[in-house]
Amino acid sequence: KGSVHLVSSQRRVLIKALMRAMALTNFSPGMGNVPAAGLDDGKLCLALNDIFGSTRLFGSGVFSLAANLLCDVMNHEPTSYWKLEKHGTPEAFIAAWEKPKEHAPLPSADALACLPVTLGALSLSADGLERVKKSKALDALVDAFTTRTYAKLLQGETASTIGGNLDELLRHVPSLQDMGVDLAVDVLRRLVELGGGVVETSDKDDKDPVKKAKTDADSSPGTASDSPKGMDTDSAEKDTSTEPGTEKQFSPSFLMEAVANASHLIDSMLPTDECGQKFVERGGMQLLIQLHTLPLHGASFSSSSQCHALSVTLRALAGQHSKELAKKVQVSLGAAVEKAILAMSHGHEDGFYPPYGPLRDFEWAWIKKNDGVGDAVWETVGHGAPNPLPMDSTAWKAKKVRAALANAEALLNLATTLIRSSPGMLPTLCSGDDSWTSHRSHDANGWVPGLITRISHLQRLVHATAAALQDEGGLRKMEMEERQKKIKEYVAEWCKRTGGQEKDLEKDPNVDSKILMAKQAVEVLQLMQSLQSLSNHFVTSHNYFCSSLAKAASGIKHRHREEYSVQSRGAACELAVQVCCTLETIAGFEFKETEDHRDFRCAQRAFDDVYAILIDSRRRCSQGLVLNYMRQHYKRRADSTATDGSGLDLIAEAFAVVWQQHRRCVEKADAAKAAEKDLKDPVAQMTLETEAEKWKTRADVMEHALKTGIGLIQQLTNVAVLMGSSVSATLLTATLPKFRAPNDVAKRAETYVNGVLGLDGIMTRNDAAVFEQSMTEPTAAATAKQFADALHAAMLPALMKVWNSGRLKSCPTQVLVV
């Protein structure tokens, strides 16, 4: 009994077999009138007490079976509690979970799952219920879901199983609901703290937009190490407890797993509306939203399955708390988008090109200079960037950009999930007024534009950043691999020479400085690679959000009540304006001849966006409401208030520009190849060969855009696609919605945010007045046929321009066939 070692394996197998046999012989169907063996004389209680008192001696397998046997006794004969209490068996079980971690049951999925079940069985007795209420046994689950010791045990269905057992406990014992809700909130609060977030003690800050904006600014995203330490992989039969203080040193991957486990737990454990209401009142909903944007999250969290699990959990709360959830998500999303805009737009010129001066081109190179003494001086130079910053400063800024963009993507994905599952949340979720107000009234006074405009502006900045990050020819990857190889060789030689470990390399003052700088260079190159991947993910998330928004705004259920119809159509109208802005951007590109071809790539990506938003490929139909409002949107000139054509004409104009640039690139490439043949100088030939290859790359990029553009025109002019929805005729003839300015509370808050964060210097705010100037008088098409005729007339000039071109032979075959 005093041994600190486990009971032998043979004895544990025997004990398990005896307990299973006892359960079968005493608690099988038809044994209802037979008393449990060993209960009256106390032998069973003493045996269970020995197991509960020496949990580490017997192991978690024996412990969980003993707990199940205790449950069988209580379920078989609830009035026998006094017999168990007489020998202290319930107290022994509860005390086992209240012990310090080093004496608690060994980490095991079975042991954790049996805890709520056993507490529920003990609660069948009034005395047992009182003892359960006074206990702190459920606190063990808080440690289990927030420490690395249990991380691997909770993978799979374990978290959901524990949540289901808690659901049964709270459903059958309503008086324990407060305890269960506190458990869920404590798990979330601890995860927020572990992830570097700031836990708010009340909801008062939400009602004060200025204070809320300050709080968000203070808890801006930080950075986390990308080199996670190994997780504890010991089996459940071994002592996996860790030394005090070591639990705080976790990797981003552990945090992601813990967030997913907590999401599965909460998604399975809130049994009633009353329980969900208590969870919301105690800040659980806000904590779930905050978990999307923790500073210590890994770079890939926003597009991971763990982030999706969070969104699914919040989606379950939308049924009873849709307005409050929509408001909180809208506030968080608006703040995250504005921070991302600031991070990516600091110091850039107005418009699409270029973003974020120091990050214009990430082609970092090492320049070797001889100082005349024999030693080499190594420094970094940012190609194409004016006044390049030191590498560490650039890396720090890039990490800030990556963190801000990841937060915006995580919340954007959450908003998409809510829109798709609960389309009725659209007005509260996306109307600009709710960004900074604490209430919502569906008074049908009009839509307040703002949030969708900011999201679209961020998308255009992301396109420019992704174009600048494009690794032309894989040169950056080759450079990174070459440096990693040199670093690996040096580290191996250094470890062999000094007997030290790689982690101690930077502490050695005699280490070659070039190696340390090369390690920094590799870190920057990896960071750029990560940021490019994140940018591509954000583009996909944005397009999915826009298509979901357009589909929800066109939904049938919103047309039955005028206020919902007005609000939903306002979202589609704001989206239509942003699509027109994107098309104007393509048509207005200067297509500068930079080394990274960023203008050409931005045009290609922008056309991909327009296609993804306007065409629902899965249902094979167009977004008729957005197209309708594009027709009623007049193209704005920067130098005057005159109008020239509708938003539909912009599609044709943008396509014509892409065709013109494709033709230009093909001509330049052909001219360079022809000139190369007439030269005999190898240097001149190499120069022209490089020039031809450059224009060939640009032609390929424009060919992709050309194929997307012609595919878009083909789909729009196909009446079957245009009328693919059952309500297409209604959508194509809908009148313009109303717009209104934000209320006084929203104005004060936006003044604060714009004044402090400086958004006014980055983007023009599309408020109600701007929309009124950009929209025509209500001149919706009288019939769907009239709209289709107008659409065909708008597309025809661009197609005829290509058809009548003398360079038609250079047109891709796919485009020519269409």
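Output the number of the condition that L411 fails; it satisfies all remaining conditions of (1) open to solvent by 20 Å² or more (accessible area, probe 1.4 Å); (2) more than 21 Å from C581 (Cβ to Cβ); (3) at pLDDT 85 or above.
(1)
Among the candidates T690, T697, which residue alone is open to solvent by 80 Å² or more (accessible area, probe 1.4 Å), under 23 Å from Q470 (Cβ atoms), at pLDDT below 90 and of a type in the set (S, T, Y)? Please lay out each step first, then the result.
On the way: T697 fails: open to solvent by 80 Å² or more (accessible area, probe 1.4 Å).
Being open to solvent by 80 Å² or more (accessible area, probe 1.4 Å), under 23 Å from Q470 (Cβ atoms), at pLDDT below 90 and of a type in the set (S, T, Y) holds for just one of T690, T697, which is T690.
Tell me whether the stretch 64-81 contains one or more residues that are surrounded by fewer than 16 Cβ atoms within 10 Å (Cβ to Cβ), at pLDDT below 90 and over 22 Å from A111 (Cβ atoms). Even if it seems obvious, please write down each step before you answer.
The initial filter retains those residues of the stretch 64-81 that are surrounded by fewer than 16 Cβ atoms within 10 Å (Cβ to Cβ), namely 75, 78-79.
Those still in the list that are at pLDDT below 90 too: 75, 78-79.
Narrowing further to those that are over 22 Å from A111 (Cβ atoms): 78-79.
Looking for residues that are surrounded by fewer than 16 Cβ atoms within 10 Å (Cβ to Cβ), at pLDDT below 90 and over 22 Å from A111 (Cβ atoms), one finds at least one in the stretch 64-81, hence yes.
Taking the stretch 416-431 only, how many residues are open to solvent by 10 Å² or more (accessible area, probe 1.4 Å) and not in a loop (DSSP other than H, G, I, E, B)? Quick ask: steps written out before the conclusion?
Quick first cut of the stretch 416-431, residues open to solvent by 10 Å² or more (accessible area, probe 1.4 Å) only: 417, 420-424.
This time we only want the ones that are not in a loop (DSSP other than H, G, I, E, B), so: 417, 420-421, 423-424.
So the count comes out to 5.
Determine, yes or no, whether K514 is open to solvent by 70 Å² or more (accessible area, probe 1.4 Å) and farther than 25 Å from Q529 by Cβ.
Numbers: open to solvent by 70 Å² or more (accessible area, probe 1.4 Å): yes; farther than 25 Å from Q529 by Cβ: no.
No: the conditions fail for K514.
Would you call A336 open to solvent by less than 40 Å² (accessible area, probe 1.4 Å) and of a type in the set (G, A, S)? Show your work before the answer.
Working: open to solvent by less than 40 Å² (accessible area, probe 1.4 Å): yes; of a type in the set (G, A, S): yes.
The answer is yes for A336.
Scan the stretch 606-635 residue by residue and report those that are modelled with pLDDT under 90, open to solvent by 10 Å² or more (accessible area, probe 1.4 Å) and assigned to a helix (DSSP H, G or I).
R631 - this is the single residue of the stretch 606-635 that is modelled with pLDDT under 90, open to solvent by 10 Å² or more (accessible area, probe 1.4 Å) and assigned to a helix (DSSP H, G or I).
For every residue, the table says whether it meets (1) exposed (fewer than 11 other Cβ atoms within 10 Å of the Cβ); (2) more than 36 Å from the chain's Cα centre (by Cα); (3) among the hydrophobic types (A, V, I, L, M, F, W, C).
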{"position": "A468", "(1), (2), (3)": "no, no, yes"}
{"position": "D471", "(1), (2), (3)": "no, no, no"}
{"position": "M480", "(1), (2), (3)": "no, no, yes"}
{"position": "R483", "(1), (2), (3)": "no, no, no"}
{"position": "V491", "(1), (2), (3)": "no, yes, yes"}
{"position": "T498", "(1), (2), (3)": "no, yes, no"}
{"position": "E502", "(1), (2), (3)": "no, no, no"}
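Residue check: is N33 open to solvent by 70 Å² or more (accessible area, probe 1.4 Å) and at pLDDT below 85?
Values: open to solvent by 70 Å² or more (accessible area, probe 1.4 Å): yes; at pLDDT below 85: yes.
Considered against the rule, which asks whether it is open to solvent by 70 Å² or more (accessible area, probe 1.4 Å) and at pLDDT below 85, N33 comes out as yes.
Anything in the stretch 82-105 that is surrounded by fewer than 18 Cβ atoms within 10 Å (Cβ to Cβ) and more than 22 Å from D143 (Cβ to Cβ)? List them, or say none.
W82, E85, K86, H87, G88
Can you name every one of the helices (runs of 4 or more DSSP H) wholly within the stretch 64-162 that holds 3 or more residues which are closer than 26 Å to M22 by Cβ? It would help to see each step written out before you state the result.
Details: elements: 81-86, 89-98, 109-122, 126-134, 139-144.
Those helices (runs of 4 or more DSSP H) span 81-86, 89-98, 109-122, 126-134.
Evaluate the stretch 661-672: report whether one residue or more is open to solvent by 20 Å² or more (accessible area, probe 1.4 Å), assigned to a helix (DSSP H, G or I), closer than 19 Å to H792 by Cα and touching a residue at least 40 places away in the same chain (Cβ under 8 Å).
Checked against the condition, which is being open to solvent by 20 Å² or more (accessible area, probe 1.4 Å), assigned to a helix (DSSP H, G or I), closer than 19 Å to H792 by Cα and touching a residue at least 40 places away in the same chain (Cβ under 8 Å), the stretch 661-672 yields no hits at all.
Does E237 count as of a type outside the set (S, T, Y), modelled with pLDDT under 75 and in a helix (DSSP H, G or I)?
Details: of a type outside the set (S, T, Y): yes; modelled with pLDDT under 75: yes; in a helix (DSSP H, G or I): no.
The answer is no for E237.
Conditions tested, residue by residue: (1) at pLDDT 80 or above; (2) in contact with a strand residue (DSSP E or B) (Cβ under 9 Å, 6 or more places away or on another chain); (3) farther than 30 Å from E479 by Cβ.
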{"position": "L294", "(1), (2), (3)": "yes, no, yes"}
{"position": "L314", "(1), (2), (3)": "yes, no, yes"}
{"position": "H321", "(1), (2), (3)": "yes, no, yes"}
{"position": "N370", "(1), (2), (3)": "no, yes, no"}
{"position": "G374", "(1), (2), (3)": "no, no, no"}
{"position": "L389", "(1), (2), (3)": "no, yes, no"}
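When V192 is evaluated against the numbered criteria (1) under 21 Å from the mean Cα position of the chain (by Cα); (2) open to solvent by 10 Å² or more (accessible area, probe 1.4 Å); (3) of a type in the set (A, V, I, L, M), which criterion, by number, is the only one it fails?
(2)
Given the condition modelled with pLDDT of 90 or more, among the charged types (D, E, K, R) and in a helix (DSSP H, G or I), answer yes or no: does some residue in the stretch 332-344 qualify?
Scanning the stretch 332-344 turns up no residue that is modelled with pLDDT of 90 or more, among the charged types (D, E, K, R) and in a helix (DSSP H, G or I).
Any residue that is over 25 Å from V185 (Cα atoms) and either among the hydrophobic types (A, V, I, L, M, F, W, C) or at pLDDT 90 or above (or both) - is there at least one of those in the stretch 99-121?
no
L24: modelled with pLDDT under 85, hydrophobic (A, V, I, L, M, F, W, C), closer than 23 Å to D110 by Cβ and within 52 Å of the chain's Cα centre (by Cα), yes or no?
Details: modelled with pLDDT under 85: yes; hydrophobic (A, V, I, L, M, F, W, C): yes; closer than 23 Å to D110 by Cβ: yes; within 52 Å of the chain's Cα centre (by Cα): yes.
Spelling it out, L24 is indeed modelled with pLDDT under 85, hydrophobic (A, V, I, L, M, F, W, C), closer than 23 Å to D110 by Cβ and within 52 Å of the chain's Cα centre (by Cα).
Kindly provide the set of residues from the stretch 588-626 that are closer than 23 Å to F787 by Cα and among the aromatic types (F, W, Y), ordered by number.
F607, Y611
Quick one: K136 ticks every box in (1) of a type outside the set (A, V, I, L, M, F, W, C); (2) under 19 Å from G61 (Cβ atoms); (3) open to solvent by 10 Å² or more (accessible area, probe 1.4 Å) bar one, so which box is it?
(2)
The values are calculated or read from the model by the stated rules, or taken from the named source; none is laboratory data. Bear in mind the structure is a predicted one, so any value in this text is a computation, not a measurement. Glycine also receives a Cβ, built like all others from the backbone with ideal geometry; neighbour counts cover every protein chain displayed. All accessible areas refer to the heavy atoms of the entire protein, side chains included, with ligands and DNA or RNA removed. Shrake-Rupley method; radii C 1.70, N 1.55, O 1.52, S 1.80 Å.
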